[in-house]
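In what follows, a structure is listed as structure tokens, so that the remarks can point back to it.
The values are calculated or read from the model by the stated rules, or taken from the named source; none is laboratory data. Bear in mind the structure is a predicted one, so any value in this text is a computation, not a measurement. Here the Cβ is made from the backbone with ideal geometry for all residues, glycine too, and neighbour counts use every protein chain on show. Each accessible area value is taken on the protein alone, full model and side chains, heavy atoms only, with ligands, DNA and RNA left out. Shrake-Rupley method; radii C 1.70, N 1.55, O 1.52, S 1.80 Å.
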Amino acid sequence: MSEINVQLKNGEPVPVPDSATVAEALKKLDRDVAKQALAAKVGGREVDLTAPLDTLRENGDAVQIEPIVPQTRDGLEVLRHSTAHLLAAAVLDLFPGAKLGIGPALLDDPRYGFFYDVITPKSLTEADLPVIEKRMKQIASRNLVYRREEISKGEALRVFNERQEPLKCELIDEKAGDVVSVYYIDGSPFIDFCLGPHVPNTNKLRAFKLLSLAGAYWKGDASQPQMQRIYGTAFFTQEELDAWLKQREEAEKRDHRRLGRELDLFSIQEEYGQGLIFWHPKGGAIRKEMEDYLREELLRRGYGLVFTPHIAKRELWFTSGHESNYADSMFSPMEFEEQEFRIKPMNCPFHIGIYKSAQRSYRDLPLRYAELGTCYRAELSGTLHGLTRVRGFTQDDAHIFCTKENVRSEIVGCIDFAFNVYEAFGFTDIKVELSVRGNDPNAHYLGSDDDWESAEAALVDALNARGIAYQRVEGEAVFYGPKIDIRVEDAIGRTWQLTTVQFDFNLPRRFQLEYIGEDNKPHQPVMIHRALFGSVERFFGVLIEHYAGAFPMWLAPVQIAVLPITDRVNQYAEELERELRAEGYRVEANLRSEKIGAKIRDAQLQKVPFMLILGDREMEQRTVAVRERAKGDIGVMPVAEFKQMARTLVETRALTNNQ
Ligand SMILES: [Zn+2]
Ligand SMILES: [Zn+2]
């Protein structure tokens, strides 16, 4: 019997019989890894553990085996995809005659981990999900084998036709080559047309849950048969699944679309258009605080505030390159006096317009232009989501024009600013990514190698200067330069990408930007794009969920509720309301003839930080009985003392009321 050499990455070659499977080879290489493995990568191809090695050998060299193990992205994909098969098996078992569509794993959807599209003889309801899940568990506990078979296309069509699976036949017809791989779960009624890989047996599937049911069309096309989509998720351990379910429940309670409605912060109105945000007065109050904070900081840090139009002549977008690279995301041009205009998807070319309005010298640089610039992008309706994915939004945008020598200190400035923003708004867990060029020979990058290297060095220098740990990600840079992305973790452990600081070799060249250097000659400036919140709308959505609507005093849309116990003190309540409002507080007196308990409950539901409860005694003594949102009653005090406390909280932009 002849042998094949196999090896793990960085490992020694080990001989195994050439009849061995991937699993057998792994066992010889590393017993522990073999036990854990779900599938493997051999020569860059993902394969089942049951795959015979000799079919995977490419040349005389040792066969490299990279096991796909739990707690990795590849592992999760195999696990979830295999669980989708289990779901299909349970559906077929329970509902004979069911027709199957597709069932992929979902890795980046925060709500689900996989789905399967099905048509059952009788429409499914939510009540069927626990029944299907139970059957999945029964099947899994029988430790059935996922078996791959390769058959001819004709044979595959015959098999699926016999099983009355017209949709699978359609897929095979369209996608399959001459040889088709099909997967059985032996001992279940399920066969799928699928490339794999899958887990070796159902014993590996231990922590899964079905989550919901939705309508779907075959191939996402409304003219095609209507199906039902069963969503579920799967993890490697029950602990992970439980933790995820708990976070999901918490996330639902914090959903900014729901809180936005309950707290009257914002709305989206179908009759005006999807993805367009209406900020109500209470949301507007928060936005004003966000903007005030930002503008103060911008001015302190030497930025100039600029304001630019929402539309510009179409030629501008040809010069900028948006017409050739970005047209799909832009709303169609509009015409007036035989000229075409476009509404802006980005602010960059406008700030360039200001730069170009005069001749610049090295002494003028760096120039930092900042704008809360409102942009519009043609996002497909299916992708829109509350405040976080919209069609109209305001970026806290800035563009810095500087010399090569300035770059490092400008980047340090951007990073410091970003961290300052996170601290101010209560985010402490921050992750930084440095996105650079990849090795993909087909990728097209602008700028010379020298440009890229010096730009990356400047970004690295800046991160090191501040002692910031970062992850370097190759191939994630945009074509016009490397960038730093910063994500924050919110109160329930979800991460959000907010800040981007980005180099640009492209626009300065396209717009022929220059400055006169010390040598009296023209030079091209470096351009840095940066947004810290990202967009004001999205950041607002993140804030709502981070605080679950219970904003700190400085951001709260209503900071103080004045609650008279009896009508006799209404006049005192109104005086107090006027007085506090005149001093800049957002205050509401509730003069309705209701029991004080109802008034307090109402203010609690609106998550108002402080309630001032007024009775006869408070009126006589010009005092207030103070109730704090989380702590409850904190005592009776003179009005001046309360104001002192409130003033400190607001002026320091305190994040808690524990001053
Ligand atoms: Zn599959
Ligand atoms: Zn820009």
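Note on the stretch 598-612: residues that are aliphatic (A, V, I, L, M) and surrounded by fewer than 22 Cβ atoms within 10 Å (Cβ to Cβ) amount to 3. When ASP451 is tested against (1) in a helix (DSSP H, G or I); (2) exposed (fewer than 15 other Cβ atoms within 10 Å of the Cβ), only condition (2) is not met.
Selection of the stretch 255-284 for residues being over 19 Å from GLY373 (Cα atoms), among the aliphatic types (A, V, I, L, M) and not in a loop (DSSP other than H, G, I, E, B) yields LEU259, ILE268. The selection criterion, being open to solvent by 30 Å² or more (accessible area, probe 1.4 Å), modelled with pLDDT of 90 or more, within 29 Å of TYR547 (Cα to Cα) and out of contact with any helix residue (DSSP H, G or I) (no Cβ under 9 Å at 6 or more places or on another chain), holds for ARG487.
Restricting the first member to the stretch 490-510 and to residues that are under 15 Å from VAL542 (Cβ atoms), and the second to residues that are in a loop (DSSP other than H, G, I, E, B) and of a type in the set (Gly, Ala, Ser), the beta-carbon pairs closer than 9 Å and six or more apart or on different chains are ALA491/GLY426; ALA491/ALA548; ILE492/ALA548.
Selection of the stretch 471-490 for residues being in a loop (DSSP other than H, G, I, E, B) and over 24 Å from THR394 (Cβ atoms) yields GLY475, GLU476, ALA477, PHE479, PRO482.
Is it the case that some residue within the stretch 343-364 is under 15 Å from HIS310 (Cβ atoms), of a type in the set (Lys, Arg) and more than 20 Å from the chain's Cα centre (by Cα)? Within the stretch 343-364 (the criterion being under 15 Å from HIS310 (Cβ atoms), of a type in the set (Lys, Arg) and more than 20 Å from the chain's Cα centre (by Cα)), the answer is yes, since at least one residue qualifies. Within the stretch 122-129, is there a residue that is open to solvent by less than 70 Å² (accessible area, probe 1.4 Å) and in contact with a helix residue (DSSP H, G or I) (Cβ under 7 Å, 6 or more places away or on another chain)? Scanning the stretch 122-129, I find no residue that is open to solvent by less than 70 Å² (accessible area, probe 1.4 Å) and in contact with a helix residue (DSSP H, G or I) (Cβ under 7 Å, 6 or more places away or on another chain), so the answer is no.
When the stretch 520-574 is filtered for residues that are under 19 Å from PHE419 (Cα atoms) and within 16 Å of ligand 2 (Cβ to nearest atom), the ones remaining, listed by number, are ILE528, HIS529, ARG530, ALA531, LEU532, PHE533, GLY534, SER535, VAL536. For the stretch 472-490, does any single residue satisfy the condition of being among the basic types (Lys, Arg) and under 30 Å from SER357 (Cβ atoms)? Yes, because at least one residue in the stretch 472-490 is among the basic types (Lys, Arg) and under 30 Å from SER357 (Cβ atoms).
Looking across the stretch 613-637, just one residue is surrounded by fewer than 16 Cβ atoms within 10 Å (Cβ to Cβ) and among the β-branched types (Val, Ile, Thr), and that is ILE634. Of note, LYS204 does not satisfy the criterion of being more than 17 Å from LEU106 (Cβ to Cβ) and surrounded by fewer than 19 Cβ atoms within 10 Å (Cβ to Cβ). The residue of the stretch 347-358 that is nearest to ligand 2 (Cβ to nearest atom), among those that are open to solvent by 20 Å² or more (accessible area, probe 1.4 Å) and in contact with a Phe, Trp or Tyr (Cβ under 8 Å, 6 or more places away or on another chain), is ILE354. Within the stretch 350-380, being over 16 Å from ILE400 (Cα atoms) and touching a Lys or Arg at 6+ places or on another chain (Cβ under 9 Å) holds for THR374, CYS375, TYR376, ARG377, ALA378, GLU379.
Counting only strands (runs of 3 or more DSSP E) that sit completely within the stretch 144-236, those holding 1 or more residues that are among the hydroxyl-bearing types (Ser, Thr, Tyr), within 30 Å of THR21 (Cβ to Cβ) and within 15 Å of ligand 1 (Cβ to nearest atom) correspond to 146-152, 179-185. Is it the case that the stretch 261-282 has a residue that's in contact with a helix residue (DSSP H, G or I) (Cβ under 6 Å, 6 or more places away or on another chain), open to solvent by 60 Å² or more (accessible area, probe 1.4 Å) and not aromatic (Phe, Trp, Tyr)? Yes: the stretch 261-282 contains one or more residues that are in contact with a helix residue (DSSP H, G or I) (Cβ under 6 Å, 6 or more places away or on another chain), open to solvent by 60 Å² or more (accessible area, probe 1.4 Å) and not aromatic (Phe, Trp, Tyr). Answer with yes or no whether ASP264 is of a type in the set (Asp, Glu) and over 30 Å from HIS81 (Cα atoms). Yes: the conditions hold for ASP264. Consider the stretch 470-509 and keep the residues that are within 16 Å of ligand 2 (Cβ to nearest atom) and over 14 Å from VAL436 (Cα atoms). The one that is farthest from the chain's Cα centre (by Cα) is ARG509. Consider GLU315 against the criteria (1) crowded, with 17+ Cβ neighbours inside 10 Å; (2) closer than 17 Å to LEU507 by Cβ: it satisfies all of them except one. Which criterion is unmet? Checking GLU315 against (1) crowded, with 17+ Cβ neighbours inside 10 Å; (2) closer than 17 Å to LEU507 by Cβ, the one that fails is (1). Restricting attention to the stretch 292-312 and to residues that are part of a helix (DSSP H, G or I) and open to solvent by less than 40 Å² (accessible area, probe 1.4 Å), the residue that is farthest from ILE354 (Cα to Cα) turns out to be TYR293.
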